[in-house]
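Notes follow once the structure below has been shown.
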Amino acid sequence: MKLAMFDDGSGPRTGIVTGERIAPTGLPGGMIELIARWDEAAEQVRARSVAGDGAPLSSVRLLAPVQRPGKIFAIGLNYADHIEESRMETPAHQVWFTKAVTCVNGPFDPVQIPKTSPFVDYEAELVAVIGKGGRHIPREEAAKHIFGYCVGNDVTERMWQHRTPQWSLGKSFDTHAPFGPWITTGDEVGDPHELGIRCLVNGEPRQNSNTRHLVFDVFAQIEHLSQAMTLEPGDLIFTGTPGGVGAAMDPRRFLKAGDVVRCEIDGLGHIENSFAAEV
């Protein structure tokens, strides 16, 4: 199933996407509440999709599927080609940083180029959404703790990222975590490590890879993170970006006002965001 947050003019609601239509789930609360009670809600939501009612997707605004996640974690240096272009060694341990919840952004909403520094870059990523929470989750059980997957863009302000050893500030500017366009549930995705992933800037291909090339796969990531903290429904995990980022080009090519960045993953859809100077 494909589950989304949307607004048709009456405020944010959870919805189920079927083809080119979206129908409200009819359940109260937001996406985190729906994920948390999914075992009891799934059949009712599935029935709405079979009914075939709802509105055209083109008539609503799709919002970030999880509007206020409890945690956003992202892993760095997790594709071999990106490690090579970054001129760094393959890490022996997973390299994690956080993105502030306030950088959450919709799948088709504008992204800011901040006043403080214009060195803004794109990073197309597979995003895993936690379903069943837990601590000390073994790798072989990790798939059971993933509710579904989205397309994400780990937008990065490179000067702020690299002027200190800690990356979180450079990764956490407002609007710098667009993702969506919906959550595709894990049962529909199957193996998340066989998905083509691409990024285009103004129609020009920049990134083109496959999640099979992850250094630490999604399940290993969940195992590792859950050793340190309890994962909870609606938490987001940005699983790494492949090679082709603007900062690694010669000359470097950062985003500018008016640029349009499209990130897409096989079977999950795409997000597309225009970039504009912060007012």
Name the trypsin sites (Lys or Arg not before Pro) in the range 33-93 that are in a loop by DSSP and that have at most 16 other C-beta atoms within 10 Å, would you? ARG37, ARG87
What nm value, rounded to one decimal, do you get for the distance between GLN227 and ARG163 when each label is placed 7 Å out toward the C-beta? 3.4 nm
Contact order relative to length for the chain, counting C-alpha pairs under 8 Å separated by 6 or more residues, stands in percent at 25 percent
The percentage of the accessible area of the chain (probe 1.4 Å, all protein chains present) made up of carbon and sulfur atoms, to the nearest whole number, is 52 percent
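Ranked from the most accessible area to the least, with a 1.4 Å probe and all protein chains present, what is the order of GLU272, GLU84?
On the way: GLU272 70, GLU84 145 Å².
In descending accessible area the options line up as GLU84, GLU272.
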Under the rule a/c < 1.5 gives rounded, and otherwise a/b versus b/c splits prolate from oblate, where does the range 121-186 land using the Cα gyration tensor? oblate
By accessible area with a 1.4 Å probe, ligands and nucleic acids excluded, highest first: order of HIS270, HIS162, HIS82, HIS93: HIS93, HIS162, HIS270, HIS82
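Under a 1.4 Å probe, what is the accessible area of the range 129-279 per residue, stated in Å²?
On a per-residue basis, 41 Å².
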Distance (nanometres) between label positions extended 7 Å along Cα→Cβ at THR102 and LYS256: 3.0 nm
Square roots of five times the Cα gyration tensor eigenvalues for the chain, Å: 29, 22, 16
Hey, what do the phi angles of the range 120-131 turn into as Karplus ³J(HN,Hα) couplings, whole Hz, using 6.51/-1.76/1.60 and θ = phi - 60°, x for Gly and Pro? 9, 10, 9, 8, 5, 8, 6, 10, 9, 10, 6, x
So the number of lysine pairs in the chain with alpha-carbon atoms under 21 angstrom apart, 8 or more residues apart or on different chains, is 12
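The values are calculated or read from the model by the stated rules, or taken from the named source; none is laboratory data. As the structure is a computational prediction, the values presented were derived from the model and not from experiment. Because the Cβ atoms are built from the backbone with ideal geometry, glycine has one as well, and the counts that use them run over all protein chains shown. With ligands, DNA and RNA removed, areas are computed over all heavy atoms of the protein, side chains included. Shrake-Rupley method; radii C 1.70, N 1.55, O 1.52, S 1.80 Å.
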